[in-house]
Structure formats: C-alpha cells, structure tokens
1. Please work out the Kirkwood hydrodynamic radius for the stretch 218-277, using every pair of different C-alpha atoms, and report it in angstroms with one decimal place.
2. Run the numbers for residue 215 and residue 93: contour at 0.36 nm per residue of separation, minus the present Cα-Cα distance, in nm.
3. Compute the length gained on full extension between residue 189 and residue 50: take 0.36 nm times their separation in residues and subtract their Cα-Cα distance, giving the result in nm to one decimal.
4. I need the fraction of alpha carbon pairs in the stretch 112-157 separated by more than 11 Å, rounded to a whole percent.
5. Let me check I have the definition right: for the stretch 110-236, take the eigenvalues of the Cα gyration tensor, multiply each by 5, take square roots. What are those semi-axes in whole Å, largest first?
6. Separation between the residue 143 and residue 77 pseudo-spin-labels, each 7 Å from Cα along Cα→Cβ, expressed in nm?
7. Order the peptides 94-107, 119-132 from the highest to the lowest mean number of other Cβ atoms within 10 Å of their residues.
8. Once the piece of chain linking residue 107 and residue 167 is laid out straight, how much longer is it, given 0.36 nm per residue of separation minus the C-alpha distance between them?
C-alpha cells in the first residue's frame with residue numbers, strides 16, 4: 001500500500017472520530033430546544049392570572065360575611081371588566097340570583113310600592129292602575145290564584161328593563177337601568193344565517209295552551225308556554241312547558257329558554273321593551 005493511500009485512510013478515520021464526537025457534543029450540551037443556539041434570546045412566557053377567579057372568591061366571602069352590597073359590587077365589576085374570565089358564567093348566575101331575589105322580595109326599597117286591594121279590584125285592573133304587567137304583580141306577590149281580597153296588600157316592584165341578545169355568545173341578558181340584572185342561558189338556539197343586528201323593541205308577548213293563544217286571567221294561562229317576539233328581526237324568545245306534548249310548534253327562528261326562566265322573563269318585560277341584538 002502506498003504512503004498516499006495510508007494517509008487518506010488515517011485522515012478519514014480522524015474525521016469520523018472527531019467529527020462525530022463534535023456533533024454529539026453539540027447535540028448534548030450546546031443545542032437548545034427548538035433549534036436555538038447558545039446566545040439566542042429565549043422569551044419566558046408566563047401565563048396571565050385570571051382576575052375573575054380571585055374576584056369571585058372575594059365576592060363570595062363578602063356575601064358570606066353579610067356584606068351583600070359589597071359582594072354585588074365585586075361581581076358587577078368582574079362582569080363589566082373581565083367578560084372573558086373563566087368565571088364569568090358563575091359570576092353572572094350568582095349576581096342574577098341576588099338581583100332577582102331582592103326584586104321579588106317583600107323587603108321595601110325605592111323601586112317598590114305597596115298597593116292595598118280595593119273592592120272590585122282584579123289583578124288586571126291593578127296592573128292598569130299601576131302601569132305594571134299583570135304577570136309581574138302575580139309573580140312578585142307569590143300568588144297561586146287570581147282571587148284577591150279587599151284590604152290585601154300587594155307589592156308592586158318596578159324596573160327600567162331592556163334586553164341584550166348576543167348572537168355569537170348565544171346568551172340573553174336582562175338589563176335594569178342599563179346595568180346588568182340577570183343572565184339567561186339558552187336551551188336551544190336557532191337563528192337565521194343573517195341576523196339583523198341593531199336596536200329593536202319587543203313586538204308582543206304571547207301565551208300558548210293547546211295550540212291557542214290564552215290571555216292572563218284565563219284558566220289555561222297558568223302553565224302555558226310563552227313567547228316574546230322581537231320586532232322585525234326574526235328572533236323569538238320562547239319556552240315549552242312539556243316537550244312531549246308541546247303547546248305550539250316552535251318558531252322558525254328563536255332562542256329557547258327553560259320554562260322557569262321564560263316565565264320570569266315574561267313577567268319582567270313588556271311590549272316595546274328595548275332590545276339590542278349584537
């Protein structure tokens with residue numbers, strides 16, 4: 001074998017040995033994850049804490065200690081400031097429960113008046129006198145019958161309600177004087193492909209029993225299915241008390257709520273209640 005051939009063989013072996021060792025050293029000690037080299041700046045990503053978690057806990061602590069007003073203030077701040085919090089649904093549900101309990105309670109407040117039943121009165125007549133929905137008077141006083149007696153005292157709560165329908169988030173929010181009051185989670189959502197966004201008013205409220213409309217005061221009114229028809233934009237809020245034997249065929253487009261939620265909402269809103277669809 002010539003000297004030149006020997007030199008070529010020795011050089012090749014050296015390249016394999018030292019080159020392979022260098023590559024192994026690079027892989028083990030010098031190479032960074034993701035292909036970064038020594039000296040590359042690697043940003044450390046720290047997850048941003050969700051403020052809603054702490055705020056919800058603080059609100060619950062305030063409520064447990066008897067500070068209802070402070071607890072409600074914290075919940076409202078959470079809802080307004082952190083709508084994407086993982087606790088937003090819990091906060092809305094809790095604040096809505098507190099608001100509705102206070103609204104329908106017999107405790108006096110600036111938003112409630114007392115009415116003493118006179119001879120010849122009916123709930124419908126009292127509703128006309130006080131300009132309040134008959135359904136609201138019925139529900140606010142926990143009545144289970146339309147029969148009322150002279151001298152009986154009734155609480156008449158009042159609110160300046162409006163509705164916010166969020167098509168993307170698929171939720172229905174009731175506002176009082178422009179501020180959050182109650183949130184309703186839909187059971188089913190069936191909306192047209194193109195929903196008219198903007199400001200509307202409720203066109204009518206309808207109670208259904210066995211396929212026919214029934215008015216407040218009729219025997220079949222209690223337990224009926226309810227519709228709130230929003231003007232001109234193809235959205236109806238509705239409920240069905242018995243899905244196995246429905247009172248009426250579902251509207252073509254609408255948002256279905258549970259029967260209890262719909263009965264409550266039906267009592268709170270009136271014809272021409274402002275509605276924002278977004």
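1. Final number for the Kirkwood radius of the stretch 218-277 is 12.2 Å.
2. 40.8 nm
3. Details: separation 139, 0.36 × 139 = 50.04 nm, distance 2.90 nm.
Stretched out fully, the residue 189 to residue 50 stretch lengthens by 47.1 nm.
4. 63 percent
5. Semi-axes from the Cα gyration tensor: 31, 19, 12 Å.
6. 4.2 nm
7. Working: 94-107: 15.8, 119-132: 14.2.
The densest-packed peptide leads the list: 94-107, 119-132.
8. Values: separation 60, 0.36 × 60 = 21.60 nm, distance 3.61 nm.
Going from the current span to full extension adds 18.0 nm.
Laboratory data are not the source of any read-out in this text; all were calculated from the coordinates shown. Not measured: the values here are computed from a predicted model. FYI the Cβ positions are ideal-geometry reconstructions off the backbone, even for glycines, and counts take in every protein chain you see.
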